[in-house]
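J.: Take a look at the following structure, please.
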Amino acid sequence: MLRVILMGISAILGLAGAAAANGYAVVGSVLVYYLAILLGYPDYILLIVWTRRITGNLRPFQPALELGTGWAVGSWFVPIINLWFPLRIWNQAWRATTPTIAPPIGWQWKGLPVPPTHIIAWITPFIAAIVLALGLTLLESPEDEINVNVGNIFFISIMLDTVAKAVLILVVRNLTARQDAYARYWGAQVGPPAAS
């Protein structure tokens, strides 16, 4: 949550710097942004642990999973596939805990819908990074306009990233609550969970 607040402050500083053509505000925006990134590393570790946990939570209900607990962790570190496998794992966990599917789950979850928040939370940071990278490479303004352009680029990019983080919080809360509800409803039929 602190990271989301810092990203918001960075965006406001970037916008203020752009509006006032104030280089100090833009530099402040960049510094707060990098501080938010540094503070975000523990969040990424917790997100990896959570992704593994939501996959392991399915085990007592006997789903046929495309990506198991090994991929729930490893997918974050394997180049190229880390661009979409974690999202597939979240979607798999969401679908497999559909309240109308009784254990054993098997492949009944395949093809079921997922909420759009999963996709929004996943692709928005990529869009923010592209906006930032393209915006900074396209700067061809005279010196007096660079501060304004950099401030505007940072504002758009950081606001997109802030929205992504806020939506990611919703994804984590909703998927965790869905799994808890599923376990309470169907848990008595499968017995106590096996140690993982």
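J.: Being assigned to a loop (DSSP other than H, G, I, E, B) and touching a residue at least 24 places away in the same chain (Cβ under 8 Å) is the filter; apply it to segment 52-74 and report the residue that is farthest from I119 (Cα to Cα).
T.: Our first condition is that a residue be assigned to a loop (DSSP other than H, G, I, E, B); within segment 52-74, this holds for 57-58, 62, 64-68.
Still in the list and also touching a residue at least 24 places away in the same chain (Cβ under 8 Å): 57-58, 62, 64-67.
On the way: N57: 22, L58: 21, Q62: 26, A64: 23, L65: 20, E66: 19, L67: 18 Å.
Selected residue: Q62.
J.: What residue, among those in segment 78-97 that are free of Cβ contacts under 8 Å to residues at least 40 places away in the same chain and part of a loop (DSSP other than H, G, I, E, B), is least open to solvent (accessible area, probe 1.4 Å)?
T.: V78
J.: Tell me, please, whether a residue that is within 20 Å of A164 (Cα to Cα) and either modelled with pLDDT of 95 or more or open to solvent by 30 Å² or more (accessible area, probe 1.4 Å) (or both) can be found in segment 103-114.
T.: yes
J.: Sticking with this structure for a sec: Given the criterion assigned to a loop (DSSP other than H, G, I, E, B), modelled with pLDDT under 95 and either closer than 22 Å to R59 by Cα or not small (G, A, S) (or both), identify the matching residue among E145, E140.
T.: Numbers: E145 fails: assigned to a loop (DSSP other than H, G, I, E, B).
Every option except E140 fails the conditions.
J.: Shifting gears a bit: Any residue in segment 40-51 that's without any contact (Cβ under 8 Å) to a residue 60 or more places away in the chain: show its pairings with residues that are not in a helix (DSSP H, G or I) at Cβ separation under 6 Å, as long as the two are six or more apart or on different chains.
T.: Every condition considered, the pairs that remain are I48/W76.
J.: For the subset of segment 115-136 comprising residues that are under 15 Å from the mean Cα position of the chain (by Cα) and β-branched (V, I, T), which member is least open to solvent (accessible area, probe 1.4 Å)?
T.: T124
J.: Picking from L31, L13, L35, which residue would you name as being crowded, with 18+ Cβ neighbours inside 10 Å, part of a helix (DSSP H, G or I) and either modelled with pLDDT under 75 or acidic (D, E) (or both)?
T.: Details: L31 fails: crowded, with 18+ Cβ neighbours inside 10 Å; L35 fails: crowded, with 18+ Cβ neighbours inside 10 Å.
Only one candidate passes the filter, namely L13.
The values are calculated or read from the model by the stated rules, or taken from the named source; none is laboratory data. Please read all numbers here as calculations on a predicted model, not as lab measurements. Note that we place each Cβ from the backbone using ideal geometry, even for glycine, and neighbour counts take in every protein chain shown. For accessibility, only protein heavy atoms count, side chains too; no ligands or nucleic acids. Shrake-Rupley method; radii C 1.70, N 1.55, O 1.52, S 1.80 Å.
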